[in-house]
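Read the figures in this text as sums done on the coordinates, not as results from a lab. Just so it is clear, the structure is predicted and the values come from calculations on it, not from any experiment. Neighbour counts are summed over all protein chains in view; Cβ atoms, including those assigned to glycine, are modelled from backbone coordinates with ideal geometry.
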Amino acid sequence: MPLFYGAFLIHFFGKKTFKDKFVLNYLGLGNSIFFKDQNQGMSIIQIIQQGISQGVSALYQHDVAPDSVTINTTRKEFTGDYTVVVFPFTRAAKQKPEQIGESLGQYLVDNVEEIEAFNVIKGFLNLSISDQYWKQFLADISGQDRFGYAEPNGKKIMVEFSSPNTNKPLHLGHIRNILLGWSCSQILAAAGYKVHKVQIINDRGIAICKSMLAWQLFGEGETPENSGIKGDQLVGKYYVLFEQKFRAEYKAWQDSEAGQATYRNTAKEGQAADAFFSYYKNTYFNEHSDLGGQAKDMLLRWESNDPATRQLWSMMNSWVYQGFDETYGALGVSFDKLYYESDTYVLGKEYVEQGLKDGIFYQKEDSSVWIDLEDAKLDHKLVLRSDGTSVYMTQDIGTAELRYNDFGVDKMVYVVADEQDYHFKVLFEIMKRFGAPYAEGMYHLSYGMVDLPTGKMKSREGTVVDADDLIAEVIAEAGKSSEERGGLEGLEAADRADIFRRIGLAALKYFILRVNPRKRMVFDPQESVDLQGDTGPYIQNAFVRIQSIMRKVGEYDAAASANYNDLKEQERDLIIHLFAFPETIQQAAAEYDPSMIAAYAFDLARLFHRFYHDLPMIKAESGEAKVFRLQLSQAVAQALRNAMQLLGVEMPERM
């Protein structure tokens, strides 16, 4: 794991030892951003490792590779910034760890100007980095708008996210997917990748036909225009209506002689009627239901390109797309390319044929095509039905190839809930056996589902948290809270509304993204709009506080900060945390985990609030201290803005 995280990394990730495998190449900062002349192009961790390597060689005539030197962040109860573990050198030195620590510590102080002091606790060498080093770092990053962002690394990556169905509006579950996909895209771009954001819209199938049929039977010509209902919500209304009508039909059938006869003749011995009819529901839909029969017939007509069916399908899908676009716009999300299942469901068959020839797949007597993945502990998987029709795996094979042809990417990231873990393991294994050049770079960003305090959401029953309603709710709550606190008097209504929007969306986005993607989460609407504590608005407040200070101060001469020579603990902690930002981005990109950025931003805001509370700024003890703290505050503001931007959060100038 890359090493130079500063003090925050232990707190966030619970790990004590880090290996520096990362060479700094941050965009716009130059190669000498952090370093003195004699250590040009090296991070402070590399400087320490190099010094230890040279010290062991000089003191004990033993060669040690610099990158093998183990370094920790010094624990808070001890003095120092970084700690070197000296136990590995006891055999070569033939001394006790305490003696080795004393000798190496003195060697570093004498020979490495960035290290100003040391102390030894048992077998651990604690090193203090000079104030001058941290001051130079702050001076170098000041004014860097893109601080933390890396130069392009020449690699391309595709991120697929959202990918909704066109039979219902976007809801809370989609919001977690969308925010994860968007944030990962921004983080990967900041880490140096060329990112292509895509989604595949599931615009065909029996669920779509249910909405179409319900509108056809019961809609009476209702449209978004004549009803005033947003297009995706209108179509979702008819999806729920179909389920309601179907349940009523099913209940009537259960009570009929035909239903009772089916129960008597089919149920297992002793099986209660309620349990049987719950189990039998899908069979009823496929074999007995009038509504089910009509929906299946509509799907067949769609597949046969029946003009009237296709026209109805196009009209209702267009309503949904307009609705989706409004929600994406409200969330600040966009895509580089859209794929449609109505196009991609025919893909992949040629690859199945090639796989049969190459021995990757095998064919059963009924002509269905399978792949044996038992050696990969994935069982046997169907890739083509006996009637020659595709399954989702067939489509995904073809779509992966299509996207590679479109973008030539090195990596493909699929943001899909953990319910599909097995599917993606199979897909990735198949692509490896095909020898796809991108196969090793395929990654499933598997995230936990979102529940409500009352339980799971169910689209067919209408028990979901609608995305549009949720967005409106958090913005309204932000407005209410802001009006109660005051401070926005004199602003135009439009300006206040924009501030409320930024605060509300920060509350929503941060609440979702602060949780590790792999964890299932419960969304509590009340907790999400709490504007105190570990929240987006708390972080925004630190930024706004800095903007307020800068408006009061106006222009100042930053050069005066060079004469400030007595860094306080609160100042050092802030600078060390700033130092960690670029590598935090790299680590979050490597692990596809926006919660790392969220945690970093929260800790930076917390450190700033402590700094602001403890140390005077405008009325500082000297002019040099005032200018230095202003410069530090501005660097914090820039890092906060950049970090929150990676989460899709806009920072207001006032709150």
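Taking a ≥ b ≥ c as the square roots of the eigenvalues of the Cα gyration tensor of segment 462-600, is the shape rounded (a/c under 1.5), prolate (a/b larger than b/c) or oblate?
Note, shape of segment 462-600 comes out oblate.
Span-like helices, the chain: DSSP H, alpha-carbon axial extent 24 Å or more, mean Kyte-Doolittle 0.0 or greater, which ones?
Qualifying helices: 172-190, 493-513, 536-553, 594-614, 623-646.
Taking the alpha-carbon distance from LYS155 and a cut-off under 20 Å, which aspartates and glutamates remain once sequence neighbours fewer than 8 residues away in the same chain are dropped?
Result set, ordered by chain and number: ASP336, GLU401, ASP406, ASP410, GLU440, GLU583, GLU591, ASP593.
So how many Å³ per residue does the convex hull of the Cα atoms of segment 80-236 work out to?
242
What are the GluC sites (Glu not before Pro) within segment 539-610 that DSSP puts in a loop, where the Cβ has at most 14 other Cβ atoms within 10 Å?
Of the GluC sites (Glu not before Pro), the ones in loops of segment 539-610 whose Cβ has at most 14 other Cβ atoms within 10 Å are GLU555.
Which links in LYS509/LYS568; LYS210/LYS337; LYS552/LYS626; LYS268/LYS377 stretch past 24 Å when you go from one Cα to the other?
Pairs exceeding 24 Å: LYS509/LYS568; LYS210/LYS337; LYS268/LYS377.
Are there any trypsin sites (Lys or Arg not before Pro) in segment 83-149 that are in a DSSP loop and have at most 11 other Cβ atoms within 10 Å? List them by number.
Answer by residue number: LYS94, LYS122.
Please report how far the C-alpha centroid of segment 147-218 lies from that of segment 529-578, rounded to the nearest whole angstrom.
After rounding, the separation between the Cα centres reads 35 Å.
Remind me, relative contact order of the chain in percent, using alpha carbon pairs under 8 angstrom and six or more residues apart?
Relative CO of the chain lands at 15 percent.
Determine the sum of side-chain charges near ALA467: Lys and Arg each +1, Asp and Glu each -1, restricted to other residues whose C-beta is under 13 angstrom from that of ALA467.
-3
Kindly identify the chain as rounded, prolate or oblate by the Cα gyration tensor criterion: order the square roots of the eigenvalues as a ≥ b ≥ c, call it rounded if a/c is under 1.5, otherwise compare a/b with b/c, prolate if a/b is larger, else oblate.
The shape class here is prolate.
Straight distance only, please: which aspartates and glutamates reach the Cα of LYS281 with their own Cα at less than 19 Å, same-chain residues fewer than 8 apart left out?
The reachable aspartates and glutamates, counting only those whose Cα sits under 19 Å from LYS281, are GLU243, GLU249, ASP255, GLU257, GLU269, ASP290, ASP297, GLU461.
Could you work out the percent of alpha carbon pairs in segment 131-194 separated by over 16 Å, rounded to a whole number?
63
Ranked highest first by average number of other Cβ atoms within 10 Å, how do 63-70, 598-605, 349-356 line up?
Top of the packing list down: 598-605, 349-356, 63-70.
Compute the length gained on full extension between SER334 and LYS268: take 0.36 nm times their separation in residues and subtract their Cα-Cα distance, giving the result in nm to one decimal.
Once the chain is fully extended between SER334 and LYS268, it gains 18.5 nm.
Of LYS168/LYS357; LYS411/LYS519; LYS76/LYS480, which ones are farther than 31 Å apart at the Cα?
Pairs exceeding the cut-off: LYS168/LYS357; LYS76/LYS480.
Say each of GLU621 and GLN532 gets a label point 7 Å from the Cα, pointing the same way as Cα to Cβ; how far apart are those two points in nm?
The modelled label-to-label distance comes out at 3.3 nm.
At a Cα cut-off below 18 Å, give the lysines reachable from LYS96, other chains included and same-chain residues fewer than 8 away excluded.
Counting by Cα, and skipping residues close in sequence, LYS96 has these lysines nearby: LYS122.
Out of the GluC sites (Glu not before Pro) in segment 241-306, which ones are loop residues according to DSSP with at most 10 other C-beta atoms within 10 Å?
Here the sparse-neighbourhood loop sites are GLU269.
Would you work out which of GLY123, ILE597, ASN516 lies farthest towards the positive end of the dipole of the chain? Charges go on Cβ: Lys and Arg +1, Asp and Glu -1.
Positive-end residue among those listed: GLY123.
Defining a contact as two alpha carbons under 8 Å apart and six or more residues distant in sequence, what relative contact order in percent does segment 334-433 show?
25
For segment 349-389, what D do you get in µm² per second when you plug the Kirkwood radius from alpha-carbon pairs into Stokes-Einstein at 10 °C and 1.306 mPa s?
155
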